[in-house]
Amino acid sequence: MKYFVLILSFTVFFSCAQNSKHQTISKSNPPGSSSDKNQFNGRALPENVCYVVRDGGTERPFTGKYWNHHEKGMYACVACDEPLFSSETKYDSGSGWPSFYDVLTQGKVKKIEDYELGVLRLEIRCAKCDAHLGHVFDDGPVPTGKRYCVNSASLLFVPK
């Protein structure tokens with residue numbers, strides 16, 4: 001049983017994790033503090049947010065503020081405030097990242113082929129400002145069968 005859990009944990013981590021050139025964010029040693037600012041598309045954002053949206057980084061699983069968030073509302077791009085996902089399509093995928101089975105409006109999220117891990121994945125980016133969001137996979141629930149696996153750092157929540 002412990003080997004199964006270990007293999008499952010390894011698989012889940014790498015199903016959303018970026019390639020090895022991007023280091024994941026550590027809770028004990030984040031790449032900066034809230035006072036560190038960077039620019040992304042002319043907007044000042046904390047370094048850990050720029051690490052994800054600008055540099056294509058990935059949060060560690062089960063550490064982002066929205067992976068276990070259940071409030072009703074809308075999730076927008078943290079870099080440009082564009083509405084991207086609804087709490088109505090959010091579900092617990094078990095991956096440790098916020099997961100959605102559909103976008104709020106078609107065309108708000110663009111998909112880019114990503115071969116950096118040696119297999120085809122589809123990176124998702126905000127169509128308005130090009131911020132990296134995460135990846136989309138074909139293992140989600142009905143009705144779409146999609147799992148939009150998104151970094152919390154790339155999202156801003158707007159309650160209903």
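The values are calculated or read from the model by the stated rules, or taken from the named source; none is laboratory data. Not measured: the values here are computed from a predicted model. All Cβ positions, even for glycine, are placed from backbone atoms using ideal geometry, and neighbour counts span all protein chains on display.
Considering the range 38-52, the residues that are among the hydrophobic types (A, V, I, L, M, F, W, C) and not in a strand (DSSP E or B) include one that is farthest from the chain's Cα centre (by Cα), namely Cys50.
Total residues in the range 114-134 satisfying the condition of being closer than 16 Å to Gly57 by Cα and at pLDDT below 95: the figure is 5. Looking at the range 83-96, I want the residues that are closer than 10 Å to Val150 by Cβ and have a partner that is assigned to a loop (DSSP other than H, G, I, E, B) and of a type in the set (D, E, K, R) with Cβ atoms under 6 Å, at least 6 apart or on another chain. Which pairs are those? Close Cβ pairs (under 6 Å, with a partner that is assigned to a loop (DSSP other than H, G, I, E, B) and of a type in the set (D, E, K, R)) amount to Leu84/Lys108.
Here the condition is being more than 16 Å from Cys126 (Cβ to Cβ) and at pLDDT below 50; of Ser34, Ser95, it holds for Ser34 alone.
All conditions but one from (1) under 15 Å from the mean Cα position of the chain (by Cα); (2) part of a strand (DSSP E or B); (3) in contact (Cβ under 8 Å) with a residue 40 or more places away in the chain; (4) surrounded by fewer than 17 Cβ atoms within 10 Å (Cβ to Cβ) apply to Lys111; the one that does not is (3). Residue pairs whose Cβ atoms lie under 6 Å apart, sitting 6 or more positions apart in sequence or on different chains, and linking a residue in the range 122-142 that is farther than 18 Å from Tyr75 by Cβ and in contact (Cβ under 8 Å) with a residue 12 or more places away in the chain to a partner that is part of a strand (DSSP E or B) and hydrophobic (A, V, I, L, M, F, W, C), are Leu122/Val136. Just checking, does the range 68-76 include any residue being touching a Phe, Trp or Tyr at 6+ places or on another chain (Cβ under 8 Å), under 17 Å from Ile124 (Cα atoms) and either of a type in the set (Val, Ile, Thr) or part of a loop (DSSP other than H, G, I, E, B) (or both)? Checked the range 68-76: no residue is touching a Phe, Trp or Tyr at 6+ places or on another chain (Cβ under 8 Å), under 17 Å from Ile124 (Cα atoms) and either of a type in the set (Val, Ile, Thr) or part of a loop (DSSP other than H, G, I, E, B) (or both). Kindly check whether there is at least one residue in the range 61-75 that is in contact with a Cys (Cβ under 9 Å, 6 or more places away or on another chain) and modelled with pLDDT of 50 or more. The answer is yes; a qualifying residue exists.
All conditions but one from (1) surrounded by fewer than 17 Cβ atoms within 10 Å (Cβ to Cβ); (2) aromatic (Phe, Trp, Tyr); (3) outside any loop (DSSP other than H, G, I, E, B) apply to Phe157; the one that does not is (1). Only one entry of Val103, Val158 meets the criterion of being closer than 21 Å to Asn41 by Cβ, touching a residue at least 60 places away in the same chain (Cβ under 8 Å) and either of a type outside the set (Phe, Trp, Tyr) or in contact with a strand residue (DSSP E or B) (Cβ under 8 Å, 6 or more places away or on another chain) (or both), and that entry is Val158.
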